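Q: Mind looking over this structure? Questions follow.
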């Protein structure tokens, strides 16, 4: 089996959510001398990108995305240590602190975004739901986050997103973080009006925007 | 269990099996997939209203099994409130065939409907899931529904501000909003000359804030109702159960608000139908609900008027109508906004699919609830009229209609592309709360199209 076939099988294992196949081809990739980062980026990530695209078009649903994420995690448990051992140093991940903001206990949208961010190579700190804004900031400071992401399904929790940005400004931290917001009642226009850096209509767009912002704002 | 069972439910919420919520979600996801496979439930995009009675019965049975096996998750205690099947069936036996909602001359009978039932559906209308401007605009918005003669009930709008103050969950302003939403709803129905009309909800988030709306004179009366939400999917909290306790003793109607997500943890339409049957059963047993709001939304487009959404709604409706006395209400969520033909076409499809399947009606939500004041009484009028016209229609005829009708609007259901339309203020005369000509003309145009399709409003 040539390198391209192994990478394709890695991608397919993620698309089909097959954990065993993912682990198997992760090992095969290393045995064949494929650079672990190449296996991650051109195998697993390619598969996950397809999964994200299919979910965005609703060709597949959340359970299939969760299974794909599990398969990817299984393969990463083999490829990441190998990459670190090679000492390439390029595994440094961008960090996101995410949560459903104060007053809201709906978390399916936030969970989808967190999962897709993880699957796209971000290090995600998911604080759960009904998260006070100062907890988001504290965690971001603690882990040295690049992005603070807040979600809500409730109009009555949207003001807390404004409060998050105000508090960052008050504490002189606004320029340190990219702030992204999203969720049912949140619109692109409203996000811009409160001074958020990014917004996504869905999980797929949130990942795309996060990547673009990291490159544009932080040069990552 | 006896009919008054809150102590037993609370005991189980404290003593039931402990589980992390993520594990509950994973169990629900896996078990639902297995049940879809075991019962061979299949979504058919060309047969929105299934004519396969055995499939509807299978969905009911699978929903019962899912509820009994998984239980109802209490987020506060992280424990599962579980029931035996015989306990669920005992409670189901106590459900009435009909209830009377509202009072005096404005009261209406809401009866259990069956598949292809000739009895017209009742409509609980209002700006469901839509942000509204406070004060006089809100009163006029609700009046626009109440003065439509075909409308049976109003309520349900959400406010962004109260007295100009942004409403945050759990604040004094949220409590005030609950009180004022009820008062303004009373004023709207009085202004429309229908002071006894059933008010179906005040849309505030905190269960404890909802209690502020209860007021036999100026607020929610015993002849009105409030919705108590489940969390997605198949979850509750002690706060919600406490609200049930109070509403039960107050004596008003209780609506079980379910917001299942098509494409979420329960997967596609087949799994979503099974999970939603389980959510109805949870509403019967734990919420003591008099009626149930089937407020399904698509995970991406936040509507339920696409083929998957309508199939799911019809399947749940038929499953319940064939196997129980659970009175369920189709909460119509459209991708487009008022002032557009697309929204009226979406509502018409929803009206047919739900009415034929034994459901009552609620509507209409629009634009994913993202746009303020995008709700008017006219789309609710059309939803109800179509529901009435479809009463007694055969499932075959409903499918024939939907096969030709859905292609007229389905390309516009992507939330990023669907036409947003206009606000209530732009579409209505604010003095009389009646639709302006442009909106009436669009309604007439779509009504004429429906007539060409054999549905006379």
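The values are calculated or read from the model by the stated rules, or taken from the named source; none is laboratory data. Keep in mind that what you see is a predicted model, and the values were worked out from it rather than measured. Neighbour counts run over all protein chains shown; Cβ positions are idealised from the backbone, glycine included.
Q: For residues in region B:288-310 being within 30 Å of residue B:93 (Cβ to Cβ) and within 14 Å of chain A (Cβ to nearest Cβ), which is surrounded by the most Cβ atoms within 10 Å (Cβ to Cβ)? Before the answer, list the steps.
A: So the first thing to find is which residues in region B:288-310 are within 30 Å of residue B:93 (Cβ to Cβ), and the list is B:288-296.
Adding the requirement that they be within 14 Å of chain A (Cβ to nearest Cβ) leaves B:295-296.
Numbers: B:295: 22, B:296: 26.
That would be B:296.
Q: Checking residue A:96 against (1) over 11 Å from the mean Cα position of the chain (by Cα); (2) surrounded by 21 or more Cβ atoms within 10 Å (Cβ to Cβ); (3) at negative phi: exactly one of these is not met. Which one?
A: (1)
Q: Got a sec? Which of B:388, B:356 is out of contact with any helix residue (DSSP H, G or I) (no Cβ under 7 Å at 6 or more places or on another chain) and surrounded by 17 or more Cβ atoms within 10 Å (Cβ to Cβ)? Break it down into steps so the answer makes sense when it comes.
A: Numbers: B:356 fails: out of contact with any helix residue (DSSP H, G or I) (no Cβ under 7 Å at 6 or more places or on another chain).
Only one candidate passes the filter, namely B:388.
Q: When the residues of region B:158-174 are filtered to those that are within 14 Å of chain A (Cβ to nearest Cβ) and part of a loop (DSSP other than H, G, I, E, B), which remaining residue is surrounded by the fewest Cβ atoms within 10 Å (Cβ to Cβ)? Don't jump to the end; show me each part of the working.
A: The initial filter retains those residues of region B:158-174 that are within 14 Å of chain A (Cβ to nearest Cβ), namely B:158-162, B:164-174.
Subset that is part of a loop (DSSP other than H, G, I, E, B): B:160, B:164, B:167-171.
Working: B:160: 17, B:164: 8, B:167: 28, B:168: 20, B:169: 23, B:170: 16, B:171: 18.
Filtering region B:158-174 for residues that are within 14 Å of chain A (Cβ to nearest Cβ) and part of a loop (DSSP other than H, G, I, E, B), the one surrounded by the fewest Cβ atoms within 10 Å (Cβ to Cβ) comes out as B:164.
Q: Residue B:187 passes all but one of (1) farther than 22 Å from residue B:256 by Cα; (2) in contact with a helix residue (DSSP H, G or I) (Cβ under 8 Å, 6 or more places away or on another chain); (3) modelled with pLDDT of 95 or more; (4) in a loop (DSSP other than H, G, I, E, B); which number fails?
A: (4)
Q: Continuing with this model, one more query. Looking at A:78, A:60, which is the one that is more than 30 Å from residue B:170 (Cβ to Cβ), over 14 Å from the mean Cα position of the chain (by Cα) and more than 9 Å from chain B (Cβ to nearest Cβ)? Show your work before the answer.
A: Values: A:60 fails: more than 9 Å from chain B (Cβ to nearest Cβ).
None of the others qualify; the one that does is A:78.
Q: Then there's this: Tally the residues that are in contact (Cβ under 8 Å) with a residue 40 or more places away in the chain, out of contact with any strand residue (DSSP E or B) (no Cβ under 8 Å at 6 or more places or on another chain) and assigned to a helix (DSSP H, G or I), restricting the search to region B:210-240.
A: 1
Q: Quick test of your reading of the structure: residue B:379 fulfils all but one of (1) farther than 30 Å from residue B:58 by Cβ; (2) crowded, with 24+ Cβ neighbours inside 10 Å; (3) modelled with pLDDT under 95. Name the failing condition by number.
A: (3)
Q: Looking for something at pLDDT 95 or above, touching a strand residue (DSSP E or B) at 6+ places or on another chain (Cβ under 6 Å) and more than 21 Å from residue B:368 (Cα to Cα) - is there at least one such residue anywhere in region B:122-140?
A: Looking through region B:122-140, at least one residue is at pLDDT 95 or above, touching a strand residue (DSSP E or B) at 6+ places or on another chain (Cβ under 6 Å) and more than 21 Å from residue B:368 (Cα to Cα).
Q: Right, another one. Taking residue B:397, is it assigned to a helix (DSSP H, G or I) and either touching a residue at least 12 places away in the same chain (Cβ under 8 Å) or out of contact with any strand residue (DSSP E or B) (no Cβ under 8 Å at 6 or more places or on another chain) (or both)? Step through it out loud before you land on a result.
A: On the way: assigned to a helix (DSSP H, G or I): yes; either touching a residue at least 12 places away in the same chain (Cβ under 8 Å) or out of contact with any strand residue (DSSP E or B) (no Cβ under 8 Å at 6 or more places or on another chain) (or both): yes.
Taking the combined requirement at face value, the residue satisfies it.
Q: Let me confirm something: among A:113, A:131, which residue is in contact with a helix residue (DSSP H, G or I) (Cβ under 6 Å, 6 or more places away or on another chain) and surrounded by 22 or more Cβ atoms within 10 Å (Cβ to Cβ)? Can you show your working first?
A: Values: A:131 fails: in contact with a helix residue (DSSP H, G or I) (Cβ under 6 Å, 6 or more places away or on another chain).
Within the list A:113, A:131, the selection yields A:113.
Q: Going by the structure shown, is residue B:320 closer than 16 Å to residue B:358 by Cβ, more than 14 Å from every other protein chain (Cβ to nearest Cβ) and in contact (Cβ under 8 Å) with a residue 60 or more places away in the chain? Don't jump to the end; show me each part of the working.
A: Numbers: closer than 16 Å to residue B:358 by Cβ: yes; more than 14 Å from every other protein chain (Cβ to nearest Cβ): yes; in contact (Cβ under 8 Å) with a residue 60 or more places away in the chain: yes.
Spelling it out, residue B:320 is indeed closer than 16 Å to residue B:358 by Cβ, more than 14 Å from every other protein chain (Cβ to nearest Cβ) and in contact (Cβ under 8 Å) with a residue 60 or more places away in the chain.
Q: Mind checking whether some residue in region B:100-109 is within 14 Å of chain A (Cβ to nearest Cβ) and either touching a helix residue (DSSP H, G or I) at 6+ places or on another chain (Cβ under 7 Å) or under 20 Å from residue B:291 (Cα atoms) (or both)?
A: Residues of region B:100-109 that are within 14 Å of chain A (Cβ to nearest Cβ), as a first pass: none.
No; the residues of region B:100-109 include none that is within 14 Å of chain A (Cβ to nearest Cβ) and either touching a helix residue (DSSP H, G or I) at 6+ places or on another chain (Cβ under 7 Å) or under 20 Å from residue B:291 (Cα atoms) (or both).
Q: Now, a different point. I need the full set of residues from region B:102-119 which are within 19 Å of residue B:287 (Cα to Cα) and surrounded by fewer than 17 Cβ atoms within 10 Å (Cβ to Cβ), in order please.
A: None - no residue of region B:102-119 is within 19 Å of residue B:287 (Cα to Cα) and surrounded by fewer than 17 Cβ atoms within 10 Å (Cβ to Cβ), so the list stays empty.
Q: Scan B:443, B:409 and give me the residue that is more than 14 Å from chain A (Cβ to nearest Cβ) and in contact with a strand residue (DSSP E or B) (Cβ under 8 Å, 6 or more places away or on another chain). Don't jump to the end; show me each part of the working.
A: Numbers: B:409 fails: in contact with a strand residue (DSSP E or B) (Cβ under 8 Å, 6 or more places away or on another chain).
From the options B:443, B:409, the qualifying one is B:443.
Q: Kindly indicate whether any position in region B:143-157 is crowded, with 19+ Cβ neighbours inside 10 Å, out of contact with any strand residue (DSSP E or B) (no Cβ under 9 Å at 6 or more places or on another chain) and either over 20 Å from residue B:221 (Cβ atoms) or within 14 Å of chain A (Cβ to nearest Cβ) (or both).
A: No.
Q: To continue, here is another question. Among B:238, B:234, which is the only one that is within 13 Å of chain A (Cβ to nearest Cβ), over 28 Å from residue B:298 (Cβ atoms) and either at pLDDT 95 or above or out of contact with any helix residue (DSSP H, G or I) (no Cβ under 9 Å at 6 or more places or on another chain) (or both)?
A: On the way: B:234 fails: over 28 Å from residue B:298 (Cβ atoms).
When all the criteria are applied, what remains is B:238.
Q: Follow-up question, since we're still on this one. Taking the condition in contact (Cβ under 8 Å) with a residue 12 or more places away in the chain, under 28 Å from residue A:61 (Cβ atoms) and buried (at least 19 other Cβ atoms within 10 Å of the Cβ), does residue A:188 pass?
A: Values: in contact (Cβ under 8 Å) with a residue 12 or more places away in the chain: yes; under 28 Å from residue A:61 (Cβ atoms): yes; buried (at least 19 other Cβ atoms within 10 Å of the Cβ): no.
So residue A:188 fails the test.
Q: Which residue out of B:66, B:28 is within 30 Å of residue B:246 (Cβ to Cβ), at pLDDT 95 or above, within 14 Å of chain A (Cβ to nearest Cβ) and under 23 Å from the mean Cα position of the chain (by Cα)? Walk me through how you get there before you give the answer.
A: Details: B:66 fails: within 14 Å of chain A (Cβ to nearest Cβ).
Answer to the check: B:28.
Q: Of the numbered conditions (1) within 14 Å of the chain's Cα centre (by Cα); (2) more than 10 Å from chain B (Cβ to nearest Cβ), residue A:204 fails exactly one; give the number of that condition.
A: (2)
Q: Still on this structure: Just to be sure before I move on: is residue A:67 within 14 Å of chain B (Cβ to nearest Cβ), surrounded by 19 or more Cβ atoms within 10 Å (Cβ to Cβ), out of contact with any strand residue (DSSP E or B) (no Cβ under 7 Å at 6 or more places or on another chain) and under 28 Å from residue B:23 (Cα atoms) in the structure I sent?
A: Details: within 14 Å of chain B (Cβ to nearest Cβ): yes; surrounded by 19 or more Cβ atoms within 10 Å (Cβ to Cβ): yes; out of contact with any strand residue (DSSP E or B) (no Cβ under 7 Å at 6 or more places or on another chain): yes; under 28 Å from residue B:23 (Cα atoms): yes.
So residue A:67 passes the test.
Q: Let me ask something additional. Given (1) buried (at least 18 other Cβ atoms within 10 Å of the Cβ); (2) farther than 30 Å from residue B:356 by Cβ, identify the lone condition not met by residue B:125.
A: Going through (1) buried (at least 18 other Cβ atoms within 10 Å of the Cβ); (2) farther than 30 Å from residue B:356 by Cβ one by one, residue B:125 breaks only (2).
Q: While we're looking at this one, here's another question. Only residues that are under 13 Å from the mean Cα position of the chain (by Cα) and away from every other protein chain (no Cβ under 14 Å): list them for region B:114-141, please.
A: B:122, B:123, B:124, B:125, B:126
Q: Residues of region B:407-457 being at positive phi and within 25 Å of the chain's Cα centre (by Cα), which ones?
A: Start the filter on region B:407-457 by keeping residues that are at positive phi, which leaves B:421, B:433, B:454.
Of everything in region B:407-457, those that are at positive phi and within 25 Å of the chain's Cα centre (by Cα) turn out to be B:421, B:433.
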